[in-house]
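Throughout, read-outs are computed from the coordinates displayed, never taken from laboratory work. Being a predicted model, the structure only gives us computed values, none of them experimental. We place every Cβ from the backbone using ideal geometry, glycine too, and count neighbours over all the protein chains shown.
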Amino acid sequence: MEYSKRLQKKQGLFRVLEKSSDFRHEEIFSEEKKNLDLNKNIKLELKNYKDSFTLKRFNDNSYIIGISDDDQRDEKLFRKTVKHELYHIFKGDCDKEEFTILEGFWKETRARLYENYSIKL
Ligand SMILES: [Zn+2]
């Protein structure tokens, strides 16, 4: 009992350290894209970003979702982040280059509600 607990703990630690290879990022990304019925051209970038983000490339009407180092490591966190960023695209939050603080606050709140509770406002 004691030993298996310690082993579990150890394996848990290895899973965290193993980084992005222990679950399928692309699979989760496709799943969540499908949940929103999003047929837009969206590229997922798993790089050493400090923060996750979404941006629109206006020249070819495509989107890039960048996932931060931290958000890549944990499956739950990764899914939440993907949901959050996809929801911004779904609502057209990135289609306008400028917006007011109040609009920004609303966009963030809306995306967080979807990320956490799948509530679509
Ligand atoms: Zn956001």
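Nearest 0.05, what FRET efficiency do Tyr49 and Glu26 give at R0 = 22 Å with Cβ-Cβ as r? Display every interim value, and only then the final one.
Values: r = 17 Å, r/R0 = 0.79.
About 0.80, to the nearest 0.05.
Note down the Stokes-Einstein diffusion coefficient of the range 20-117 in µm²/s, whole number, using a Kirkwood radius over alpha carbon pairs, 25 °C, and 0.890 mPa s.
The diffusion coefficient I find is 179 µm²/s.
When you count, for each residue, the other Cβ atoms within 10 Å and take the mean per peptide, how do 38-45, 61-68, 97-104, 84-91 rank with the highest first?
Final packing ranking: 84-91, 61-68, 38-45, 97-104.
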